[in-house]
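Written below as structure tokens is the structure these notes are about.
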Amino acid sequence: MAVEQNQFIERLTTMLDESGVMAIFPCIADLVVNGIQTSRFAPSDHVPNRLDVTQYLAAWCRDAHLSEDACRTWLCDYAVSTLSSLSKSSPSAIRHSTKSYVKYIYKSDRPFLCEQESNGFRAECSKTCRVYNEMVIKTSKATADALVVMERRQAVAPPTIPTPTVKELHREEFLSAMQLVSRELSKGTKRADILILLKQQGKKTRTGREWTYGILGAEIQKLGQQDRGQTTIK
């Protein structure tokens with residue numbers, strides 16, 4: 001496995017050398033060579049899944065100005081070889097979902113944010129990384145922008161009108177998302193593919209966040225409990 005992982009970092013280095021754009025960040029190199037190291041997580045911690053890693057690496061490849069084709073070819077091979085331990089899907093299913101995620105990421109205009117030492121992958125981070133300070137600024141700006149959006153959504157309403165909760169603000173959008181989930185589940189669609197559909201259609205969770213594999217699983221479980229007791233979604 002170590003030989004295969006070194007092969008992927010060598011392939012990535014070669015692609016970057018050809019583009020002459022940038023060096024590989026420490027967190028990216030750590031993920032490519034070592035994958036997710038569960039020993040770095042406490043028992044109560046959330047351990048990122050294959051889709052989390054795939055989206056992160058695809059976003060970095062886009063930020064590194066690698067072509068979508070180059071990213072897709074490299075990431076599909078890497079996902080099957082290294083990330084399969086995080087998934088129960090078959091190699092063909094992994095390739096299919098990886099291609100979809102690369103397409104989604106490359107169409108997205110969201111900036112790549114590594115989150116420095118607090119990254120959710122527990123990946124190596126170094127203050128000597130040439131983009132460390134830049135990422136600190138970008139992360140701070142993204143946090144500030146999110147707070148501004150939240151403040152606007154929670155703007156004080158007239159005294160006679162109660163301010164709606166976050167869940168109330170996103171109720172209709174969430175119900176639309178869950179209708180999609182229910183419909184796709186009835187077709188036998190896999191959760192990974194449902195997640196891709198939710199993201200492609202810009203659906204949001206009950207609190208206005210982007211869907212993750214963990215949130216989708218929790219909502220499907222709630223949906224199953226409600227189906228056993230009643231027919232409407234609350």
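Where in region 164-187 is the amide nitrogen less than 18 Å from a point lying 7 Å along the Cα-to-Cβ axis of His46?
Residues 167 qualify, since their backbone N sits under 18 Å from the label point.
Hey, what do the phi angles of region 118-126 turn into as Karplus ³J(HN,Hα) couplings, whole Hz, using 6.51/-1.76/1.60 and θ = phi - 60°, x for Gly and Pro?
8, 4, x, 9, 6, 7, 4, 9, 9
Starting from the Cα gyration tensor of region 2-118, take the square roots of the eigenvalues, sort them a ≥ b ≥ c, and report rounded, prolate or oblate (rounded when a/c is under 1.5, otherwise prolate if a/b is larger than b/c, else oblate).
rounded
Using the charge dipole of region 2-118 (Lys, Arg: +1 at Cβ; Asp, Glu: -1 at Cβ; taken about the Cα centre), state which of Gly35, Thr98, Phe112 has its Cα farthest towards the positive end.
The Cα lying farthest towards the positive end belongs to Thr98.
How much length is gained on full extension from His65 to Asn34, taking 0.36 nm per residue of separation minus their Cα-Cα distance?
Values: separation 31, 0.36 × 31 = 11.16 nm, distance 2.35 nm.
Length gained between His65 and Asn34: 8.8 nm.
At 7 Å along Cα-to-Cβ for each site, give me the label-to-label distance between Glu172 and Arg130 in nm.
4.9 nm
What is the distance, in nm, between label points placed 7 Å from the Cα along the Cα-to-Cβ direction at Ser90 and at Tyr104?
2.2 nm
Any idea how far apart Glu117 and Lys141 come out in nm if each label point goes 7 Å out from Cα toward Cβ?
Spacing of the two 7 Å Cα→Cβ label points: 2.4 nm.
Hey, can you rank 76-89, 49-62, 103-116 by average C-beta count inside 10 Å, highest first?
The peptides rank, most packed first, as 49-62, 76-89, 103-116.
Provide the packing ranking of 126-132, 35-41, i.e. peptides ordered by the mean count of other C-beta atoms within 10 Å per residue, highest first.
35-41, 126-132
First check a/c for region 166-229, with a ≥ b ≥ c the square roots of the eigenvalues of its C-alpha gyration tensor; if it is under 1.5, answer rounded, and if not, answer prolate when a/b is larger than b/c or oblate otherwise.
Oblate is the answer for region 166-229, as a/c is 1.5 or above yet b/c matches or exceeds a/b.
About its Cα centre, how strong a charge dipole does region 1-116 have in debye, to the nearest 20, once Lys and Arg get +1 and Asp and Glu get -1 at the Cβ? Before the final figure, lay out the partial values.
Details: 11 positive and 13 negative charges, 96 e Å.
For region 1-116, the charge dipole is close to 460 debye.
No lab work stands behind these numbers, since they all come straight from the coordinates. These numbers come from a predicted model, not from an experiment. Please note: Cβ atoms are built from the backbone with ideal geometry, for glycine as well, and neighbour counts cover all protein chains shown.
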